Amino acid sequence: MPRASAASVRPPGLGVGITYSSAIEPLLERRPGMVQVLEIEPQTTWLKTGAVDRPYRVNEEVLEHLVGLPGHKLVHSVGTPVGGTVRPDPAQLALLRDTIRRFEAPWASDHLSFNQTPEFATGFFLPPRQTATGIETVTISIRDLQDALPVPIAVETGVNYLRPRADEFPDGEFVARVVETADCGLLLDLHNIFANGLNGRQPVSEYLEQLPLERVWEIHLAGGMELDGFWLDAHSGAIPDPLYAVCEDLIPRLPNLGAIIFEIFPSFVAEVGLELVEAQLERLHALWALRSKGYPPERARAPLRLVVDAPGTASPEVWERALGNLVTGQPADDLCGEELSRDPSIRIVEGLIHEFRASLIVGVLRLTSRLIMLALGTQAFRTILADYWSKVPPQMYGSLEAAAFAEYLESIDLQVPHLAKLLEFEQAVAATLVDDQVRIVHFDFEPIPLLRALAEGRLPDVQPEPGNFEIELTADGPTGVRGLDFEEVQQAFPFH
């Protein structure tokens, strides 16, 4: 049976929500009902196994916990973006279908961006080619995703730090052409287009006037920060007041708005405090009260003209390789790459990719990273990372990035006492979390003083005693030790 047109979809009014992280759970308990919607990035609950027949494993314990949390659930994929030539991974699509059903999500979304080429991952969402051929390309990807999922999908407007190009559509017109050609909904990330406008792209008001507002099902709002003359979509704190004013004018004009979501990265929650998050959600409730209660006739918009790309216009494939190469520190010596290399945003995006990759490494190899910084200094650790970036392309998952960095560390042989054994231990922990297999790590020194000291952010006061020790690992943590106190092992290395 043919699927109904997305233009006729009337999504339910779910309310105000936030992107899920464990950092916001105390707020769910303290202010029940304030968060009506949890938007969940399902890939964050998956583990990359590396197995051919089962490349991803769902953390069922985490999934069941999320299902049990109060409020509606929305699924916001971060692994099947639709802005490029790489088609969605069938293994991910199968898990997405199951996740959507488990959460009873009324719609799902992903990014109108790309984060990999056929040859390599970029480690960052990058802007699609905004040409007629680019529209054809992303339309195919959107329809692939829609055909695979049991609910309607919306695509998210992305951040774009590049300068505007004469051979591309304006941002708003490109998005309008995409959602109408692909017949899908729109997740309007207003902070993204606010950042784009501040960075010299299309003004927000002009962008919004070009959109089919009846297709907006969801809004994202966030805070940002300034860096080297650019405004970053950093998800770092409070919604800027000028952006809030835009929302007050826009939201009454959205007849099919189903949710308003506040985005903040978990690391910033600890920095700014839950009180700020709570205040932002209260502002979102005020915006939600402004939404349209009816379905007024669509406002008059000029029909989109038929266009074709000019001869010699770089294709989406050429664009993706050139841009992906440049932001990952690789050469891009074709004409498209030469033009892009002169764009000042390239160094900004390259730096953001490096910071993101570093966060993945430190998140998995926490004590290993800390030992290097304490033994050699923070600057030395950054130098090591810079050398790693120059030799190894970005990896799609934290477990893969950490494994690649571990292999790199083994190759350079830093001669830091106990580094090799600590790296082996943390790799075993990570591998056990992925495949749920029991592992035993042997030590020729007592590891507790080292583990405890690093967990406290310092080097051990004395050299560890030699001996014969071992720790048995399971996905739930250590279950057996030899020569060590079990409770001390758990205290010295918190596995979760």
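The values are calculated or read from the model by the stated rules, or taken from the named source; none is laboratory data. Predicted model only: the values in this text are computed from it and were never measured. Glycine gets a Cβ as well: all are built from the backbone with ideal geometry, and neighbour counts include every protein chain shown. To get the accessible areas, we keep the full protein, side chains included, count just its heavy atoms, and leave off ligands, DNA and RNA. Shrake-Rupley method; radii C 1.70, N 1.55, O 1.52, S 1.80 Å.
Return the equivalent ellipsoid semi-axes of the stretch 1-124 as a descending list in whole Å, where each equals the square root of 5 times an eigenvalue of the C-alpha gyration tensor.
Equivalent ellipsoid of the stretch 1-124: 26, 20, 14 Å, largest first.
What is the antiparallel percent of DSSP beta bridges lying wholly in the chain, to the nearest 5?
Here the antiparallel bridges make up roughly 40 percent for the chain.
Just to make sure I understand: if all protein chains stay in place, what is the order of Phe120, Phe174 by accessible area at 1.4 Å, largest first?
My answer, sorted largest first, is Phe120, Phe174.
Could you pull the accessible area for Asp183 with a 1.4 Å probe, rounded to 10 Å²?
The accessible area of Asp183 comes to roughly 50 Å².
What do you reckon, how do Tyr388, Tyr397 stack up by accessible area (1.4 Å probe), largest on top?
From most accessible down to least: Tyr397, Tyr388.
Looking at the chain, which longest stretch skips every one of the GluC sites (Glu not before Pro) that is in a DSSP loop with at most 13 other Cβ atoms within 10 Å, leaving the sites themselves out?
120-297
Please say if the stretch 150-282 is rounded, prolate or oblate, where rounded means a/c under 1.5 for a ≥ b ≥ c the square roots of the C-alpha gyration tensor eigenvalues, and otherwise the choice is prolate for a/b larger than b/c and oblate otherwise?
Oblate, since a/c reaches 1.5 and b/c is not below a/b.
Taking all protein chains in place and a 1.4 Å probe, what share, in percent, of the accessible surface of the chain do carbon and sulfur account for?
54 percent
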